[in-house]
Amino acid sequence: MDTTSAIVAEGLVKRFGDTTALDGVDLAVRTGTVLGLLGPNGAGKTTAVRVLSTLLRPDAGHATVGGYDVVRQAHQVRGLIGLTGQYASVDETLTGTENLIMIGRLLGLSRPSARARAKELLARFDLVEAADRAAGRYSGGMRRRLDLAASLVGRPRMLYLDEPTTGLDPRSRNDVWDIVRGLVADGVTVLLTTQYLDEADQLATEIVVIDHGRVIATGTPDQLKARTGAQTVTLRPAEPAELEKITAVVRHIASGEVDVRGDLVVAPVADPGALTRLVRRLDDAGLTVAELALRSPSLDEVFLHLTGAAA
């Protein structure tokens, strides 16, 4: 048995009629880390979360959470996890405080304990000033923070975040990211599904890429980036008239197709010495550039490389 992982799935299969949503999925989330589960729409991400949260029974395979089987010991699993779905599930007619107290009472807390826990979470999620306001009057970012707070009332050891920042503005997304980092620092294990590649890059310790119900790649963000086998060089001519000549020079060191985007030349390079050779060639040709950079692949490029589709 894997004793280092808080969540383990082996050979998970789930079918809906003629559609196979999960086709033998394996994954493991190490205790106190974030596993990013990435994939296109319909890849099976949410289905995997629903199986691991005991909301769906798998047709084959098995999974454990905190050592408990998700089918045979579903009650114990539910006592360990918190779940935040793609859309806030709070009651819009209740205030922030009332929402959290209600959940605390449903979890078996006494009224004083539920109220104390609500007060603690409202402070942690910067919602004290809105505590007595109906949740229906919250902004999107505030509702998401309240939804996250609701999933933590029972002090879960594992937290499932199913596309938690969908529809949020950049500032609210950053707020959620900071919250997730704080939870992990406190020892919470997080399973994160997302279609935002920068989100996975920011938060995930390891990544599993799933497509058509199958795992097609696993590794750290850096390991997955290395799988594309190329870095990207970008140049911007100091003189626009030299764009064509600079593009011709870049073709000599590029490992793939050179792309001209306005006055920017972009090309993949696989040779670690390519940048040095490029600078020498430009100098020998008497060409100058206003901008020159070499970067590793983004997770978006990795996603395209693995799935054949943009994220």
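The values are calculated or read from the model by the stated rules, or taken from the named source; none is laboratory data. Because the structure is a prediction, the values reported are computed rather than measured. A quick note on method: Cβ atoms are made from the backbone with ideal geometry, for glycine too, and the neighbour counts reach across all protein chains shown. For the accessible areas, the whole protein counts, side chains as well, though only heavy atoms, and no ligand, DNA or RNA atoms are used. Shrake-Rupley method; radii C 1.70, N 1.55, O 1.52, S 1.80 Å.
The set of residues in region 41-66 being within 14 Å of T193 (Cα to Cα), open to solvent by less than 30 Å² (accessible area, probe 1.4 Å) and in contact with a His (Cβ under 9 Å, 6 or more places away or on another chain) consists of A43, G44.
Determine which member of the set D132, D162, D198 is surrounded by fewer than 16 Cβ atoms within 10 Å (Cβ to Cβ), among the charged types (D, E, K, R) and under 15 Å from the mean Cα position of the chain (by Cα).
On the way: D132 fails: under 15 Å from the mean Cα position of the chain (by Cα); D162 fails: surrounded by fewer than 16 Cβ atoms within 10 Å (Cβ to Cβ).
D198 is the lone residue from the list that is surrounded by fewer than 16 Cβ atoms within 10 Å (Cβ to Cβ), among the charged types (D, E, K, R) and under 15 Å from the mean Cα position of the chain (by Cα).
Selection of first residues in region 235-248 that are farther than 7 Å from V265 by Cβ and of second residues that are open to solvent by less than 10 Å² (accessible area, probe 1.4 Å) and assigned to a helix (DSSP H, G or I), restricted to Cβ pairs under 6 Å at least 6 apart or on distinct chains, gives the following pairs, ordered by first then second residue: P237/I246. Of all residue pairs spaced 6 or more apart or on separate chains, those with beta-carbon atoms under 8 Å, a first member in region 154-166 that is farther than 16 Å from E199 by Cα and of a type outside the set (K, R) and a second member that is open to solvent by less than 10 Å² (accessible area, probe 1.4 Å) and part of a loop (DSSP other than H, G, I, E, B) are L159/L152. Of all the residues in region 1-40, those that are under 22 Å from Q73 (Cβ atoms), open to solvent by 70 Å² or more (accessible area, probe 1.4 Å) and either outside any strand (DSSP E or B) or without any contact (Cβ under 8 Å) to a residue 12 or more places away in the chain (or both) number 4. Within region 251-266, the set of residues being touching a residue at least 12 places away in the same chain (Cβ under 8 Å), under 13 Å from P237 (Cβ atoms) and either of a type in the set (G, A, S) or in contact with a helix residue (DSSP H, G or I) (Cβ under 7 Å, 6 or more places away or on another chain) (or both) comprises V260, D263, V265. Taken together, the residues in region 97-141 that are more than 21 Å from R171 (Cβ to Cβ) and of a type in the set (D, E, K, R) amount to 8.
Per-residue answers, yes or no, for (1) modelled with pLDDT under 95; (2) more than 20 Å from T220 (Cα to Cα); (3) of a type outside the set (A, V, I, L, M, F, W, C); (4) out of contact with any Leu (no Cβ under 6 Å at 6 or more places or on another chain):
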{"site": "D26", "(1), (2), (3), (4)": "no, no, yes, yes"}
{"site": "T54", "(1), (2), (3), (4)": "no, yes, yes, yes"}
{"site": "V77", "(1), (2), (3), (4)": "no, yes, no, yes"}
{"site": "G85", "(1), (2), (3), (4)": "yes, yes, yes, yes"}
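For region 67-107, the candidate set comprises residues that are of a type in the set (G, A, S), over 26 Å from T165 (Cβ atoms) and assigned to a loop (DSSP other than H, G, I, E, B); within that set, the residue that is least open to solvent (accessible area, probe 1.4 Å) is G67.
Taking A204, is it at pLDDT 90 or above, small (G, A, S) and closer than 23 Å to R50 by Cα? So that I can check it myself, show each step before the final result.
On the way: at pLDDT 90 or above: yes; small (G, A, S): yes; closer than 23 Å to R50 by Cα: yes.
It is true that A204 is at pLDDT 90 or above, small (G, A, S) and closer than 23 Å to R50 by Cα.
Residue pairs whose Cβ atoms lie under 7 Å apart, separated by 6 or more positions or on different chains, with the first residue in region 64-85 and touching a residue at least 60 places away in the same chain (Cβ under 8 Å) and the second open to solvent by 20 Å² or more (accessible area, probe 1.4 Å) and of a type in the set (D, E, K, R), are G66/R157; L80/R157. Please identify the pairs in which a residue from region 44-57 that is over 18 Å from R157 (Cβ atoms) has its Cβ atom under 6 Å from the Cβ atom of a residue that is open to solvent by 20 Å² or more (accessible area, probe 1.4 Å) and part of a helix (DSSP H, G or I), counting only partners at least 6 apart or on another chain. Short answer, once both residue conditions are applied: L56/R50. One residue stands out among those in region 135-159 that are among the basic types (K, R) and part of a helix (DSSP H, G or I): the one that is least open to solvent (accessible area, probe 1.4 Å), which is R144.
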